[in-house]
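Participant: One structure, as structure tokens, below. Some questions next.
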Amino acid sequence: MIRSVIVGSGSYLPKNIVTNDDLAKTLDTSDEWIIQRTGIKQRHIADEGETTADLGEKAARAALKDANVDVADIDLIILATSTPDNTFPATSVNIQHRLGMKHGAAFDMQAVCSGFVFALTTADQYIRCGQARRILVIGAETFSRILDWDDRTTCVLFGDGAGAVVIESQEGVGVTADRGILSSHLRSDGSHKEKLFVDGGPSSTGTVGHLRMQGREVFKHAVGMITDVITAAFDATGLDVADIDWFVPHQANKRIIDATARKLNIPSQKVVLTVDMHGNTSAASIPLALAAAVDDRRIKKGDIILLEAMGGGFTWGSVLLRW
Ligand code: UT7
């Protein structure tokens with residue numbers, strides 16, 4: 001049985017760090033409020049002229065290096081982003097060009113904060129169908145460009161960044177002892193559009209627009225939806241909470257992560273948390289968190305990793321894998 005194994009990871013964060021106190025200089029907010037409600041202490045914000053392709057390219061190069069894979073051996077690039085450089089062409093194609101890759105293909109995928117889980121799941125299908133042997137999966141965002149910096153209910157929550165992984169086709173046996181992606185579950189429900197959306201777009205307003213969110217409404221649905229896809233992952237594999245080495249959730253809000261972990265009895269020592277340092281980087285948050293936990297040697301070969309995300313759409317999903 002063919003398995004999609006993650007063989008390398010990498011990330012990149014813009015140099016510019018903005019603390020909660022920095023925000024409080026121009027906004028009616030405080031470090032105390034932001035930490036208490038979200039767990040966020042700081043976020044990285046892209047410099048003027050620094051785009052999603054810039055961040056994505058750097059993360060991609062880091063992942064290729066970590067995997068010890070040459071770009072000549074990559075068949076496909078999938079970039080999860082909701083903040084592309086241009087309406088078209090796809091930002092992934094720009095990254096493909098910058099990496100010097102003329103073969104294969106690249107495309108963008110848009111599932112907002114669930115983007116990386118959707119992209120990884122899609123990449124897994126390409127690998128298991130034999131259409132690709134090695135795929136670069138990137139999550140890269142510059143949410144700072146779509147924030148309303150006068151709206152304290154949203155602008156304090158997000159940050160910019162990028163993370164990437166290289167996945168490779170390897171022979172497995174068809175059991176959970178195999179390395180690679182063991183299960184993935186994707187969901188969406190468009191009836192929740194008004195709760196989290198951007199109020200602009202090429203076909204509606206002809207503008208880029210700004211992020212709008214009914215935070216409390218999103219919060220209300222988040223834990224239930226996340227639990228649904230995690231339960232589906234356990235049902236599909238026969239694994240359960242005790243088997244999980246690392247829980248790497250989308251980093252939207254520490255309270256949501258804590259509530260999910262509590263509901264599923266996942267001990268806090270097994271939760272990889274970066275929301276304090278990065279804020280919510282949407283599709284970039286999971287690969288950024290993975291790269292952080294690989295860099296500090298928490299995640300090791302053979303570990304069972306549970307990924308989950310929920311975001312605009314609503315979209316939500318989980319991936320259970322052995323590293
Ligand atoms: O990636 C997925 C997308 N997003 C999420 O998952 C976010 C989900 N939601 C949340 O994380 C939380 O709902 C928020 C962090 C957005 C807000 O926390 P909350 O506990 O739900 O607060 P709230 O919206 O009910 O607001 C409470 C109060 C309000 O004041 P009043 O009406 O009680 O006087 C807000 O105006 O806090 C006020 N407030 C702020 N105060 C200081 C809202 N934003 C701020 C702020 N600083 N930045």
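The values are calculated or read from the model by the stated rules, or taken from the named source; none is laboratory data. Note that the structure is predicted; figures quoted are calculated from it, not measured. A quick note on method: Cβ atoms are made from the backbone with ideal geometry, for glycine too, and the neighbour counts reach across all protein chains shown. Just so you know, the surface numbers come from the protein's heavy atoms only, side chains and all, with ligands and any DNA or RNA stripped out. Shrake-Rupley method; radii C 1.70, N 1.55, O 1.52, S 1.80 Å.
Participant: Give Asp150, Asp160, Asp124 a once-over and let me know the one that is charged (D, E, K, R) and in contact with a Pro (Cβ under 8 Å, 6 or more places away or on another chain).
Facilitator: Just one listed residue meets the conditions, Asp160.
Participant: Still on this structure: Regarding Leu120, is this residue hydrophobic (A, V, I, L, M, F, W, C), part of a helix (DSSP H, G or I) and buried (at least 20 other Cβ atoms within 10 Å of the Cβ)?
Facilitator: Criteria met by Leu120.
Participant: For the structure I just gave you, tell me whether Thr29 is within 16 Å of the ligand (Cβ to nearest atom) and either under 28 Å from Gly190 (Cα atoms) or more than 17 Å from the chain's Cα centre (by Cα) (or both).
Facilitator: yes
Participant: Here's a follow-up. Do you know which residues across the range 240-258 are more than 16 Å from the ligand (Cβ to nearest atom), in a loop (DSSP other than H, G, I, E, B) and open to solvent by 10 Å² or more (accessible area, probe 1.4 Å)?
Facilitator: Scanning the range 240-258 gives Asp240, Asp245.
Participant: Related question: Which of the residues that make up the range 225-239 are open to solvent by 30 Å² or more (accessible area, probe 1.4 Å), within 22 Å of the chain's Cα centre (by Cα) and in contact (Cβ under 8 Å) with a residue 12 or more places away in the chain?
Facilitator: Asp228
Participant: When only residues in the range 259-303 that are open to solvent by 30 Å² or more (accessible area, probe 1.4 Å) and in a loop (DSSP other than H, G, I, E, B) count, which is nearest to the ligand (Cβ to nearest atom)?
Facilitator: So the residue we want is Leu273.
Okay, residues lined up against (1) touching a residue at least 12 places away in the same chain (Cβ under 8 Å); (2) within 16 Å of the ligand (Cβ to nearest atom); (3) crowded, with 20+ Cβ neighbours inside 10 Å:
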site: Thr87; (1), (2), (3): yes, no, no
site: Asn94; (1), (2), (3): yes, no, yes
site: Leu99; (1), (2), (3): yes, no, no
site: Lys102; (1), (2), (3): no, no, no
site: Ala105; (1), (2), (3): yes, no, no
site: Cys113; (1), (2), (3): yes, yes, yes
site: Phe116; (1), (2), (3): yes, yes, yes
site: Gln125; (1), (2), (3): no, no, no
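Participant: Which of the residues spanning the range 220-239 are away from the ligand (no atom under 14 Å from the Cβ), among the small types (Gly, Ala, Ser) and part of a helix (DSSP H, G or I)?
Facilitator: Ala232, Ala233, Ala236, listed by residue number.
Participant: Among residues belonging to the range 32-70 that are buried (at least 19 other Cβ atoms within 10 Å of the Cβ) and among the β-branched types (Val, Ile, Thr), point out the one that is farthest from the chain's Cα centre (by Cα).
Facilitator: Across the range 32-70, the extreme among qualifying residues is Ile34.
Participant: Could you check, for the range 200-208, whether at least one of its residues is touching a strand residue (DSSP E or B) at 6+ places or on another chain (Cβ under 6 Å) and open to solvent by less than 60 Å² (accessible area, probe 1.4 Å)?
Facilitator: Looking for residues that are touching a strand residue (DSSP E or B) at 6+ places or on another chain (Cβ under 6 Å) and open to solvent by less than 60 Å² (accessible area, probe 1.4 Å), one finds none in the range 200-208, hence no.
Participant: Across the range 142-185, what is the number of residues that are more than 14 Å from the ligand (Cβ to nearest atom) and open to solvent by 60 Å² or more (accessible area, probe 1.4 Å)?
Facilitator: 6
Participant: Just checking, how many residues over the range 188-219 are of a type in the set (Val, Ile, Thr) and either farther than 10 Å from Gly312 by Cα or away from the ligand (no atom under 14 Å from the Cβ) (or both)?
Facilitator: Of the residues in the range 188-219, 3 are of a type in the set (Val, Ile, Thr) and either farther than 10 Å from Gly312 by Cα or away from the ligand (no atom under 14 Å from the Cβ) (or both).
Participant: Are any residues in the range 51-71 aliphatic (A, V, I, L, M) and more than 15 Å from Gly8 (Cβ to Cβ), and if so, which ones?
Facilitator: Restricting attention to the range 51-71, the residues satisfying the condition of being aliphatic (A, V, I, L, M) are 53, 55, 59-60, 62-64, 67, 69, 71.
The answer is Ala53, Leu55.
Participant: To continue, here is another question. Evaluate the range 154-166: report whether one residue or more is touching a residue at least 12 places away in the same chain (Cβ under 8 Å) and part of a helix (DSSP H, G or I). Reasoning before the result, please.
Facilitator: Start the filter on the range 154-166 by keeping residues that are touching a residue at least 12 places away in the same chain (Cβ under 8 Å), which leaves 154-166.
With the extra rule that they be part of a helix (DSSP H, G or I), the set shrinks to 154-155.
Checked against the condition, which is being touching a residue at least 12 places away in the same chain (Cβ under 8 Å) and part of a helix (DSSP H, G or I), the range 154-166 yields at least one hit.
Participant: When the residues of the range 304-323 are narrowed to those that are assigned to a strand (DSSP E or B) and open to solvent by 10 Å² or more (accessible area, probe 1.4 Å), which ends up nearest to the ligand (Cβ to nearest atom)?
Facilitator: Only one residue tops the list, namely Met310.
Participant: Considering only residues that are of a type outside the set (Gly, Ala, Ser) and open to solvent by 20 Å² or more (accessible area, probe 1.4 Å), which ones fall in the range 213-224?
Facilitator: Met213, Gln214, Arg216, Glu217, Phe219, Lys220, His221, Val223
Participant: Please pick out the residue among Asp54, Asp73 that is away from the ligand (no atom under 16 Å from the Cβ), in contact (Cβ under 8 Å) with a residue 60 or more places away in the chain and not assigned by TED's automatic domain parsing to the domain that holds Pro287.
Facilitator: The match here is Asp73.
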